[in-house]
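Accompanying notes for the structure given below.
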Amino acid sequence: MKLKDIAKEEFYQSSFGCAGCAAVLAVRLTIKVLGRNSVYIVPANCISTVSCYYPQAPFFVPFTVMAFAATAAACSGVSAGFKRRGREDIQVVGFSGDGGTADIGIQALSGAIDCGNKFIYICYDNEAYMNTGIQRSGLTPYGATTTTTPSPRFEDRPKKDMLRILAAHDILYAATACTSYPLDYMEKVEKASKVNGPTYIHVLTPCPTGWGFPPDQTIEIGRMAVESGMWKLVEFEDGQFSTTYTPKRQRPVSEYFATQARFRHLSPEQIAAIQKDIDATRD
Amino acid sequence: MATRMPIKKFITANEAVAQAAKLARVDVVAAYPITPQTSIVEKIAKYIADGEMDADYLKVESEHSALTACMGVRMAGARAFTSTASQGLEYMHEMLAYAAGGRYPLVLVNVCRSVALPWSIWGDHQDAIQQRDTGWLQIFTETGQEALDMVLQAYRIAEDHRVLLPMMVCLDSFIQSHTEELVEIPDQAMVDSFLPPYDPVVTLDVDNPYSISVGGFGKQYAYWRAEQQAAAEKSWEVIVEVGDEFARVFGRHYGGLIEEYRCDGAETVLLTMGAFTGTARDVVDEMRDEGKKVGLVKVRAFRPFPVGPLRKVISKVKAAAVLDRDCSWGYEGALATDLKAALYGLPEPPAILNFIGGLGGADVPPERMRYMLEKAMSAEMGTTPHLEFIDR
Amino acid sequence: MKKEKIIPGPVSKAGTRPTRMGTWSTVKPVLKGKCTFCLFCWVFCPEGAIIQDEENRKVLFDFEDCKGCGICARECPTKAIEMVEQEGG
């Protein structure tokens with residue numbers, strides 16, 4: 001895929017999302033890949049909240065709001081319904097946040113993979129319950145402050161490894177991505193759209209409001225997350241994990257932490273400990 | 001004119017409901033097992049496995065997901081079925097409100113069972129009654145035949161463009177769900193002539209895209225709720241209409257929103273919902289034979305509450321004994337409360353006696369029904385409140 | 001012309017957008033340098049407020065949808081875009 005090949009038509013505009021929001025960008029790019037023949041199921045999260053207040057309808061394709069815990073079950077049902085009506089050509093997409101995926105929504109996700117109907121479950125990960133004001137989630141990284149793990153405390157649990165959880169479900173295709181690597185993300189969405197079963201894409205979407213950085217740095221910070229090893233771009237396919245992108249430069253994690261208010265409290269010792277953990281997981 | 005070729009079988013109400021789901025040509029069944037509903041989904045799974053029923057069975061992992069999946073099926077423009085009880089119904093409570101406010105014409109069969117705690121697998125109406133404010137239409141049935149017939153009618157009522165609200169068909173645990181009786185299973189051709197294919201108003205339609213089930217603030221929210229209330233009120237009419245048409249096609253009529261049994265000239269009536277009505281009929285017959293002016297009102301529709309029909313019959317009596325298999329703890333039984341509210345403004349209101357019984361699977365035998373009627377017969381006009389637990 | 005049915009319940013026709021977010025920011029992107037038509041700014045704009053002018057091989061900015069985040073200016077490899085305070089904004 002090349003930038004010039006991407007559809008020029010816009011399918012998602014005029015949402016109430018924050019300036020510089022990577023989640024809004026992720027939606028925009030997703031629909032460019034999947035086109036008009038796709039439907040979007042979005043539970044309580046930033047994206048639904050900025051897209052669902054009548055009469056504003058920023059989705060130019062079919063969209064529905066769904067209960068927080070229920071995204072994957074709704075995807076399963078819509079997919080089953082389309083199948084019965086002979087419309088398996090329509091892409092069913094769930095667009096859930098980190099909370100709606102790893103916490104309250106994890107049960108439904110597990111169950112929906114078991115049901116086996118085709119849908120693409122996209123988890124856009126801004127690493128906290130951002131919509132409600134920056135409370136911690138199961139995908140908040142170790143070391144971050146949030147309003148429910150406020151200074152002098154901080155998040156003391158690592159991110160749940162969603163890809164390993166889904167690999168254990170024998171999911172046909174799953175991948176991690178980041179909006180700073182748009183072609184990588186879009187290629188993965190396209191790949192998922194061709195799989196005849198549930199698929200999962202976990203896209204890191206840096207959040208200026210929640211992470212504490214100026215809105216023009218969204219793309220840069222996503223890049224730093226990958227370059228520092230805090231986030232990896234991988235695929236799970238045919239039962240195997242593989243890396244889809246190895247950053248050309250490896251950045252010390254201290255540089256990544258320095259850019260965001262949520263990490264600035266970390267001491268040099270704490271940062272060194274985190275760096276050690278990251279180094280241990282490098283290929 | 002289609003030839004009637006129904007089959008008569010000796011089956012449980014649960015199996016009758018499974019037959020109805022098959023006859024209604026549902027596309028997807030998404031349900032999670034819970035006593036005493038399990039045999040409904042087991043039967044449906046078997047019909048599908050045997051190729052008798054053309055539907056997909058979604059192996060959902062919980063009731064919350066079951067109702068969500070049914071909503072998803074409706075969003076895609078197809079017909080869904082689900083069933084549950086008690087804890088399961090409570091687990092899907094969030095989604096019940098979603099379905100009603102979102103105007104999804106779902107049909108759910110609830111096998112009414114007590115709600116923990118205390119823990120019980122046996123019957124009463126607490127689970128269904130607790131959902132009365134969600135916006136669902138609720139019909140209580142008495143027999144396996146009525147259960148089958150009401151599932152078919154429920155699809156017609158719910159999918160009617162004047163209604164577009166979900167409907168709960170209620171059965172009583174064990175005494176109805178697991179009791180075998182002779183049930184006439186209608187012919188598929190007859191059902192097809194009564195229940196046309198689903199004609200949705202709006203779906204996730206890529207050719208005519210909408211944002212559906214969205215949100216709103218203040219005045220806008222209130223507008224949609226007023227619209228929903230109007231539809232619920234309209235459903236009084238539609239329920240009666242559909243019941244009448246059903247009788248024309250299948251030859252069985254259940255009386256509409258309520259059924260009056262031997263109420264002509266009655267001075268005292270007993271109100272029941274669900275399967276206990278069967279016992280009540282016998283008790284009323286016995287007491288009538290003794291010359292007592294008693295009657296029975298079977299309340300079928302609990303939501304929408306049949307204000308008009310109840311006001312008409314109850315305003316003519318001196319006293320009414322209301323049997324509630326439920327209680328709004330801290331106050332009284334739901335049927336008694338709603339009845340009294342419906343009678344508000346009557347110049348000479350009858351005595352209303354509220355009896356709470358049949359909780360947690362307790363039986364209400366004929367002697368207890370007689371007791372309730374006799375107590376009501378000797379009550380002073382206008383007596384209220386009265387609350388008595390009759391299980392012993 | 002097909003008459004639109006009245007749809008009950010909370011629904012809205014896709015693409016209905018009486019509110020445009022251009023008023024959120026008085027700072028808007030302006031092309032000051034040479035655009036190489038690399039399309040980085042175009043792909044990274046969350047709002048789709050950048051338009052490809054293929055004939056002239058440069059980008060155009062739609063101020064009606066631009067929230068002024070500045071990602072385009074930051075990501076432009078040739079630093080051709082500047083975020084400029086608009087007059088009378």
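The values are calculated or read from the model by the stated rules, or taken from the named source; none is laboratory data. In this text the structure is predicted, and so the values were computed from the model without any measurement. We place every Cβ from the backbone using ideal geometry, glycine too, and count neighbours over all the protein chains shown.
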If we keep only residues of segment A:18-27 that are facing chain C (nearest Cβ under 7 Å) and assigned to a loop (DSSP other than H, G, I, E, B), then the residue farthest from the chain's Cα centre (by Cα) is A:Ala19
Selection from segment A:112-129 of residues in a loop (DSSP other than H, G, I, E, B), more than 24 Å from A:Lys276 (Cβ to Cβ) and not basic (Lys, Arg) yields A:Gly116, A:Asn117, A:Asn126, A:Ala128
Note: among A:Thr145, A:Thr149, A:Thr101, just one is surrounded by 18 or more Cβ atoms within 10 Å (Cβ to Cβ), more than 25 Å from B:His93 (Cβ to Cβ), touching a residue at least 40 places away in the same chain (Cβ under 8 Å) and away from every other protein chain (no Cβ under 14 Å), namely A:Thr145
Filtering segment A:7-17 for residues that are surrounded by fewer than 21 Cβ atoms within 10 Å (Cβ to Cβ) and more than 7 Å from chain C (Cβ to nearest Cβ) leaves a count of 3
A careful count of residues in segment A:104-121 that are crowded, with 24+ Cβ neighbours inside 10 Å and in contact with a His (Cβ under 8 Å, 6 or more places away or on another chain) gives 2
Taking segment A:57-74 and keeping residues in a loop (DSSP other than H, G, I, E, B) and more than 7 Å from every other protein chain (Cβ to nearest Cβ) leaves A:Phe68
Scanning segment B:186-198 for residues that are more than 20 Å from the chain's Cα centre (by Cα) and touching a residue at least 60 places away in the same chain (Cβ under 8 Å) gives B:Pro186, B:Asp187, B:Gln188, B:Ala189, B:Met190, B:Val191, B:Asp192, B:Ser193, B:Pro197, B:Tyr198
Scanning segment A:28-44 for residues that are over 25 Å from A:Glu127 (Cβ atoms) and within 8 Å of another protein chain (Cβ to nearest Cβ), the one surrounded by the most Cβ atoms within 10 Å (Cβ to Cβ) turns out to be A:Val39
Heads up, the strands (runs of 3 or more DSSP E) in segment C:17-89 (entirely inside) with at least 2 residues that are within 29 Å of A:Ala57 (Cα to Cα) are C:27-31, C:50-53, C:58-61
Across segment A:75-98, the tally of residues that are within 7 Å of chain B (Cβ to nearest Cβ) and either at pLDDT below 95 or outside any helix (DSSP H, G or I) (or both) stands at 2
- request: Return yes or no: is A:Arg153 modelled with pLDDT of 95 or more and more than 30 Å from C:Cys41 (Cα to Cα)?
  value: no
Picked from segment C:1-12 (must be under 12 Å from A:Tyr53 (Cα atoms) and either modelled with pLDDT under 95 or not in a loop (DSSP other than H, G, I, E, B) (or both)), the residue nearest to the chain's Cα centre (by Cα) is C:Ser12
If we keep only residues of segment A:160-176 that are assigned to a loop (DSSP other than H, G, I, E, B) and touching a residue at least 40 places away in the same chain (Cβ under 8 Å), then the residue nearest to A:Met224 (Cα to Cα) is A:Lys160
Filtering segment B:80-106 down to residues that are more than 10 Å from every other protein chain (Cβ to nearest Cβ) and in contact (Cβ under 8 Å) with a residue 60 or more places away in the chain yields B:Phe81, B:Ser83, B:Ala85, B:Leu96, B:Ala99, B:Pro105, B:Leu106
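Which of the residues belonging to segment B:264-293 are of a type in the set (Val, Ile, Thr), over 18 Å from the mean Cα position of the chain (by Cα) and not in a helix (DSSP H, G or I)?
Residues satisfying the conditions are B:Thr268, B:Val269.
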Among A:Gly210, A:Gly222, the single one that is of a type outside the set (Lys, Arg) and more than 14 Å from every other protein chain (Cβ to nearest Cβ) is A:Gly210
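Per-residue answers, yes or no, for (1) buried (at least 23 other Cβ atoms within 10 Å of the Cβ); (2) touching a residue at least 40 places away in the same chain (Cβ under 8 Å); (3) facing chain A (nearest Cβ under 10 Å); (4) not small (Gly, Ala, Ser):
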{"residue": "C:Arg20", "(1), (2), (3), (4)": "no, yes, yes, yes"}
{"residue": "C:Lys32", "(1), (2), (3), (4)": "no, yes, no, yes"}
{"residue": "C:Glu55", "(1), (2), (3), (4)": "no, no, no, yes"}
{"residue": "C:Arg74", "(1), (2), (3), (4)": "no, no, yes, yes"}
Exactly one of A:Val27, A:Val50, A:Val33 is under 18 Å from A:Ala74 (Cβ atoms) and hydrophobic (A, V, I, L, M, F, W, C), and that residue is A:Val27
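Checking the condition of a type in the set (Gly, Ala, Ser) and either farther than 30 Å from A:Val93 by Cβ or out of contact with any strand residue (DSSP E or B) (no Cβ under 8 Å at 6 or more places or on another chain) (or both), which residue from B:Ala30, B:Ala66, B:Ala116, B:Ala55 passes? Break it down into steps so the answer makes sense when it comes.
Working: B:Ala30 fails: either farther than 30 Å from A:Val93 by Cβ or out of contact with any strand residue (DSSP E or B) (no Cβ under 8 Å at 6 or more places or on another chain) (or both); B:Ala66 fails: either farther than 30 Å from A:Val93 by Cβ or out of contact with any strand residue (DSSP E or B) (no Cβ under 8 Å at 6 or more places or on another chain) (or both); B:Ala55 fails: either farther than 30 Å from A:Val93 by Cβ or out of contact with any strand residue (DSSP E or B) (no Cβ under 8 Å at 6 or more places or on another chain) (or both).
The conditions single out B:Ala116.
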Just one listed residue, out of A:Thr132, A:Thr49, A:Thr101, is outside any loop (DSSP other than H, G, I, E, B), more than 27 Å from A:Gly197 (Cβ to Cβ) and not basic (Lys, Arg), and it is A:Thr49
Out of (1) surrounded by 24 or more Cβ atoms within 10 Å (Cβ to Cβ); (2) facing chain C (nearest Cβ under 9 Å); (3) among the hydrophobic types (A, V, I, L, M, F, W, C); (4) under 18 Å from the mean Cα position of the chain (by Cα), the one A:Cys52 does not meet is (4)
Of (1) at pLDDT below 95; (2) within 11 Å of chain A (Cβ to nearest Cβ), C:Gly88 fails just (2)
Residues of segment B:50-71 being under 19 Å from B:Leu23 (Cα atoms) and more than 7 Å from chain A (Cβ to nearest Cβ), in sequence order, are B:Asp50, B:Gly51, B:Glu52, B:Met53, B:Asp54, B:Ala55, B:Tyr57
